[in-house]
Amino acid sequence: MNKEIYIPIYLFILSIVFITVSFFLYLTGGKNSKLLAKKLKIGALIITMTTLINCSHIQVDHERKPTCYLPPLTNHIQISTEHSYKGDVIVEIDKDNIVECSVINPRSEKFSFRIFDKNNNLVQKGDIEADDGKFDETTETFKIEVKKDLPKGFYKIYFYPLELHEIKDSQEMDCCFYNLIIQ
């Protein structure tokens, strides 16, 4: 039988012992140093056992190692708060057609975008250039200029961690998209 099956049983028993020791420590007013030491040791053991349960899938090889924590986002595009509302990108074309964005943990050196209308027709595309010229920082900012001649309406803007000429319509792409509303 697998040892990991016994860990929850041990945890349950340790929890009961921890509660009992805590109760007796409470009755002594917290002045019994032996009970306090026991409580700390049992608490540390509970934390260790919990870690064993939660992190039991860590691999030793060179592949990606799942851990107890979520990995950081990579190539994640964020839109500045002044241009977004409830996850949609809002552009008031008469006032300002520049959308300020940032990419978090860029793993690519080149990025591009494409804008499609509600009928899935490509209406604008372009390569993205970082404001400082390179995507080499933890967070890089960039700007997209939306064509002023686009009619008001609903669109989708897709971001790709590739140059524009590398995008193939037939293959699944690693991209993110936002609803784009032009007012």
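At 222 nm, what value in deg cm²/dmol follows for the chain if DSSP H runs of at least 4 each add -39500 (n - 2.57) and the sum is divided by all its residues, to the nearest 500? Theoretical 222 nm ellipticity from helices: -8500 deg cm²/dmol. Structure remark: mean-square fluctuation, Gaussian network model of the chain, C-alpha springs under 10 Å; the largest value among THR139, THR50, THR20 belongs to THR20. Comparing ASP96, ASP132, ASP149 in a Gaussian network model of the chain (Cα springs below 10 Å), the most mobile by mean-square fluctuation is ASP149.
Can you give the relative contact order of the chain as a percent, counting alpha carbon pairs under 8 Å and 6+ residues apart? So the answer I get is 18 percent. Farthest towards the positive end of the charge dipole of the chain, among the residues ILE104, LEU25, LEU162, is the Cα of LEU25, using unit charges on the Cβ of Lys, Arg, Asp and Glu. Here each label is just a point 7 Å from Cα along the line to Cβ, and for ILE93 and ILE167 those points are 1.9 nm apart. Here segment 111-144 is scanned for amide nitrogen atoms under 16 Å from the site 7 Å beyond the Cα of PHE177 along Cα-to-Cβ, giving 112-126. Taking ILE115, ILE104, ILE53 in turn, the Gaussian network model of the chain (Cα-Cα springs below 10 Å) assigns the largest fluctuation to ILE53.
Amide H contacts for ILE90 (H built 1.01 Å from N in the peptide plane; partners 5 or more residues away or on another chain; cut-off under 5 Å): SER84, TYR85, ILE181.
Computed from Cα positions, the angle between helix 6-27 and the longest principal axis of the chain comes to roughly 60 degrees.
Rounded to the nearest 10 degrees, the angle from helix 33-54 to the longest Cα principal axis of the chain is 40 degrees.
Read-outs throughout are calculated quantities, based only on the coordinates presented, and are distinct from any laboratory measurement. The model shown is predicted, which means the values in this text are computed figures rather than measured ones. Reconstructed Cβ throughout: ideal geometry from the backbone, glycine too, with neighbour counts over all protein chains shown.
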